[in-house]
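I have placed the structure first, in the form of structure tokens, so that the comments after it can refer back to it.
The values are calculated or read from the model by the stated rules, or taken from the named source; none is laboratory data. In this text, all values refer to a predicted model and were calculated from it rather than measured experimentally. We place every Cβ from the backbone using ideal geometry, glycine too, and count neighbours over all the protein chains shown.
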Amino acid sequence: MIVFDLHCHADDARFEAWFRSSADFERQREQGLLLCPQCGSSDVGKALMAPAVGRKGNQQVETRPVRREVTVEVGQDSAVATIAPLSDEAKRALVAMAEIQRKVLEKSKWVGGNFAEEARSMHYGESEKRAIYGETSIEEAEQLIEEGVEIAALPFPVAPPDAVN
Ligand SMILES: [Zn+2]
């Protein structure tokens, strides 16, 4: 099963729907089986997954609801859910940032509470440099920065991979 965020072109409604596959979605859409739950129109398409950046003309830029888009891991959307009334521009910026964070973390290794130790060990050449992310206290982070270790705070909360199914 796959979930798509859908967009009704008639009244701009957004909703989610489940399909067996991407092909199943296409088939249902072509046969006019997809109806907007708000107005009943079958003029329904996929809502764009990412903000359209740098497009010219009067094309509409669509974003998915920010609460879902910024969710990096299951159960970690509360911090973002509280800031719902944002301008479209702010939402797009958040969406783009969350996407960047997600991509960065994809190539990064979760080291949990060993973050400070690992970062320090790489900094002093005791272990090979690689991309890591993990948890550390503010004091420890300040200490690392003081030592010249290059670290950065993540703008969005992440769930430890070992705590997520
Ligand atoms: Zn509609």
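Pairs meeting the criteria (first residue in the range 37-48 and free of Cβ contacts under 8 Å to residues at least 60 places away in the same chain, second residue more than 9 Å from the ligand (Cβ to nearest atom) and basic (K, R), beta carbons under 7 Å, at least 6 apart or on different chains) are V44/R29; A47/R14; A47/R64.
Looking at the structure I just gave you, is Y124 within 30 Å of L48 (Cα to Cα) and hydroxyl-bearing (S, T, Y)?
Considered against the rule, which asks whether it is within 30 Å of L48 (Cα to Cα) and hydroxyl-bearing (S, T, Y), Y124 comes out as no.
Pull out all pairs, ordered by first then second residue, where Cβ-Cβ is under 8 Å, the residues are six or more apart or on different chains, the first lies in the range 141-160 and is of a type in the set (S, T, N, Q), and the second is at pLDDT 85 or above and surrounded by 16 or more Cβ atoms within 10 Å (Cβ to Cβ). That search, which allows pairs on different chains as well, returns Q143/A116. Taking first residues from the range 6-27 that are under 13 Å from V44 (Cα atoms) and partners that are of a type in the set (V, I, T) and assigned to a strand (DSSP E or B), the Cβ contacts under 6 Å between residues at least 6 apart in sequence or on separate chains come to L6/V44; C8/V44; E16/V3.
Being within 15 Å of P161 (Cα to Cα) and of a type outside the set (F, W, Y) is true for just one of R92, R102, R130, R120. Which residue is that?
On the way: R92 fails: within 15 Å of P161 (Cα to Cα); R130 fails: within 15 Å of P161 (Cα to Cα); R120 fails: within 15 Å of P161 (Cα to Cα).
Among R92, R102, R130, R120, only R102 is within 15 Å of P161 (Cα to Cα) and of a type outside the set (F, W, Y).
Output the helices (runs of 4 or more DSSP H) that fall wholly within the range 42-138 and possess 1 or more residues being at pLDDT 50 or above, or say none. Of the helices (runs of 4 or more DSSP H) lying wholly inside the range 42-138, those with at least 1 residues that are at pLDDT 50 or above span 88-106, 115-123.
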